[in-house]
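The values are calculated or read from the model by the stated rules, or taken from the named source; none is laboratory data. Everything quoted here is computed from the prediction, not taken from an experiment. So basically every Cβ, Gly included, is an ideal-geometry build from the backbone, and we count neighbours across all protein chains shown.
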Amino acid sequence: MDEETDSETVERLTNPPRFGEGDQPQAGGGDAAPAAHSPPDHHPASQSPPPPFGRSPSPFRGGSVLPEAYRLNTPASPHLAAELDGVAIDIGTLMPPETNGPLVIEGAGGALVPVTRDTVFADIFARWALPVIVCARTGLGTINHSLLTIEALRGRGVPIHGIAFIGDPMPDSEAIIPALSGIRRLGRLPRIDPLTPETLAAAFAANFDRQDFR
């Protein structure tokens, strides 16, 4: 399995697939509730709330993407990107948005990625006191990265809902991380090509149990 560089990871995360406003994601089977998705603070620069943009693929029926609190343009850690883009991130204003249904809040890069010079994502998660799902790619190095992430979250008292793996099957890694950490395995999302709302919904339905996310 090819490993991507940090810069490639940042570039992929800061340029996610976009879909037209008319492309309404539909879940494959079941009656899952709509889910709102709050993405990380990496996208074309704008400090004011951005206008609505096309929905990203979602495994939840009627899911939508909410505007970011901050939009950054430079492909770098949020603290550096904000400085280079001339954006001042006020940690005190970062709060989960109110929704009428399930909400998924996406971090950017990892639990210990700095949002400002003195605050990392894990600090924000601790303040919110919301359950966190650790998303771990299955490539080489994931055991160490995942266990360190779990330790960092636990050390701040962050509740951990479970771990979801992403990538090619690696049965031993997918078994030893939950065994050593005591965190339950939620499933594994395989590589998806092409990535569309329909293929993502089908992959989610085939590899995860929605009841585990309630």
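See the values below:
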quantity: From the options LEU147, LEU153, LEU130, residue that is at pLDDT below 95, under 20 Å from GLY182 (Cβ atoms) and not in a strand (DSSP E or B); calculated: LEU130
quantity: Residues that are among the hydroxyl-bearing types (Ser, Thr, Tyr) and closer than 22 Å to ARG137 by Cα, drawn from the stretch 59-116; calculated: SER77
quantity: Unmet requirement for ASP172, which otherwise passes all of (1) assigned to a strand (DSSP E or B); (2) farther than 23 Å from PRO102 by Cβ; calculated: (1)
quantity: Verdict on GLY162 being within 30 Å of LEU66 (Cα to Cα), surrounded by fewer than 20 Cβ atoms within 10 Å (Cβ to Cβ), in contact with a Leu (Cβ under 6 Å, 6 or more places away or on another chain) and of a type outside the set (A, V, I, L, M, F, W, C); calculated: yes
quantity: Residues satisfying the stated conditions in the stretch 45-103, i.e. at pLDDT 90 or above, closer than 25 Å to TRP128 by Cα and not in a loop (DSSP other than H, G, I, E, B); calculated: ARG71, PRO78, HIS79, LEU80, ALA81, ALA82, GLU83, ILE91, GLY92, THR93
quantity: Residue in the stretch 91-136 that is surrounded by the fewest Cβ atoms within 10 Å (Cβ to Cβ), counting only those that are within 22 Å of ALA81 (Cα to Cα), aliphatic (A, V, I, L, M) and free of Cβ contacts under 8 Å to residues at least 40 places away in the same chain; calculated: MET95
